[in-house]
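The next block holds one structure in the form of structure tokens; read it before the comments.
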Amino acid sequence: MEPGGRAEELRGLRYIRFGPFQIDQQRQQVYQNGSRIKLQGKVYQVLLTLVLRHGDIVTREELKQALWPADTYVNYDANVNTTVNKLRQVLGDSTDKPVYIETIPRKGYLFVGHAEFSATPFPANKPVSGTEEKTSSKGEADRGGFSRKWITVGVGVLILTGILLGAGIAMLLISHFGPKHL
């Protein structure tokens, strides 16, 4: 994108928010639900490049130019893939059902999330889209953990009951028939 374009205008706005994530461009920091997450330099650069160009395909060549100086000799394809995959991992995104980063085969990548830009910090108490889903998923996981705990206790009780029942039957047989007949 040319200097003075939309990405340059957005770069001038310090704060970016999408889903549960916020970026402070001046500090080069990323937060998830208010907690700072650490991103390696190149991973942060890819995130910022894609978000600033949201809605536009960012070619692999453009990412290569944004990440490495012209005189750098690396396996660009593998490094771009690795960097984007690390970013997806941090964002909890997938290639199958992308929420933030969509791969455009043989072209590049597209930021598909809804991004908001601001010169002032976003209010911390304002609900962020995607947070409710994570909360309900966590609740389901907690209930699942609770159920697994009781299933484990139940299986343990059944095993103990079986052992005691078997011992009781063995003692009954011994007392009735004597130890020689068993």
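If I filter region 81-92 for residues that are outside any strand (DSSP E or B), open to solvent by 50 Å² or more (accessible area, probe 1.4 Å) and at pLDDT below 90, do I get at least one hit?
Here is the first cut: in region 81-92, the residues outside any strand (DSSP E or B) are 81-92.
Now narrow it down to the ones that are open to solvent by 50 Å² or more (accessible area, probe 1.4 Å): 81-82, 85-86, 89-90, 92.
When the remaining residues are screened for being at pLDDT below 90, the result is 81-82.
Within region 81-92, one or more residues are outside any strand (DSSP E or B), open to solvent by 50 Å² or more (accessible area, probe 1.4 Å) and at pLDDT below 90.
Would region 64-71 turn up any residue that is modelled with pLDDT of 90 or more and more than 13 Å from Ile101 (Cβ to Cβ)? Steps first, answer last, please.
Pass one, region 64-71, residues modelled with pLDDT of 90 or more: none.
No; the residues of region 64-71 include none that is modelled with pLDDT of 90 or more and more than 13 Å from Ile101 (Cβ to Cβ).
Given the conditions (1) in a helix (DSSP H, G or I); (2) at pLDDT below 85; (3) open to solvent by less than 80 Å² (accessible area, probe 1.4 Å); (4) not hydroxyl-bearing (Ser, Thr, Tyr), and given that Glu132 satisfies all but one, which numbered condition is not satisfied?
Every condition holds for Glu132 apart from (3).
For region 14-39, give me each residue that is among the charged types (D, E, K, R) and buried (at least 17 other Cβ atoms within 10 Å of the Cβ).
Correct list: Arg17 only.
Out of all the residues in region 103-116, which are outside any loop (DSSP other than H, G, I, E, B), surrounded by 17 or more Cβ atoms within 10 Å (Cβ to Cβ) and not hydroxyl-bearing (Ser, Thr, Tyr)? Working first, answer last.
The first filter runs over region 103-116 and keeps only residues outside any loop (DSSP other than H, G, I, E, B), leaving 103-104, 108-111, 116.
Going one step further and asking which of them are surrounded by 17 or more Cβ atoms within 10 Å (Cβ to Cβ), we end up with 108-111.
Gly108, Leu110, Phe111 - these are the residues of region 103-116 that are outside any loop (DSSP other than H, G, I, E, B), surrounded by 17 or more Cβ atoms within 10 Å (Cβ to Cβ) and not hydroxyl-bearing (Ser, Thr, Tyr).
Tally up the residues in region 8-59 that are without any contact (Cβ under 8 Å) to a residue 12 or more places away in the chain, basic (Lys, Arg) and farther than 17 Å from Leu91 by Cα, please.
Total meeting the criteria: 1.
Can you tell me how many residues within region 40-72 are among the β-branched types (Val, Ile, Thr) and surrounded by fewer than 20 Cβ atoms within 10 Å (Cβ to Cβ)? Explain how you work it out, then say what you get.
Kept after step one, since they are among the β-branched types (Val, Ile, Thr), are these residues of region 40-72: 43, 46, 49, 51, 57-59, 72.
Narrowing the set further to residues that are surrounded by fewer than 20 Cβ atoms within 10 Å (Cβ to Cβ) leaves 49, 57, 59, 72.
Going through region 40-72 one residue at a time, the tally reaches 4.
Just to be sure before I move on: is Tyr100 within 26 Å of Ala124 (Cβ to Cβ), surrounded by 20 or more Cβ atoms within 10 Å (Cβ to Cβ) and among the hydroxyl-bearing types (Ser, Thr, Tyr) in the structure I sent?
On the way: within 26 Å of Ala124 (Cβ to Cβ): yes; surrounded by 20 or more Cβ atoms within 10 Å (Cβ to Cβ): yes; among the hydroxyl-bearing types (Ser, Thr, Tyr): yes.
So Tyr100 fits the description; yes.
The values are calculated or read from the model by the stated rules, or taken from the named source; none is laboratory data. Here the structure is a predicted model, which is why all the values come from computation and not from measurement. Ideal geometry is used to build each Cβ from the backbone, glycine not excepted, and the neighbour counts take in all protein chains shown. Ligands, DNA and RNA are excluded from the accessible area calculation, which covers all protein heavy atoms including side chains. Shrake-Rupley method; radii C 1.70, N 1.55, O 1.52, S 1.80 Å.
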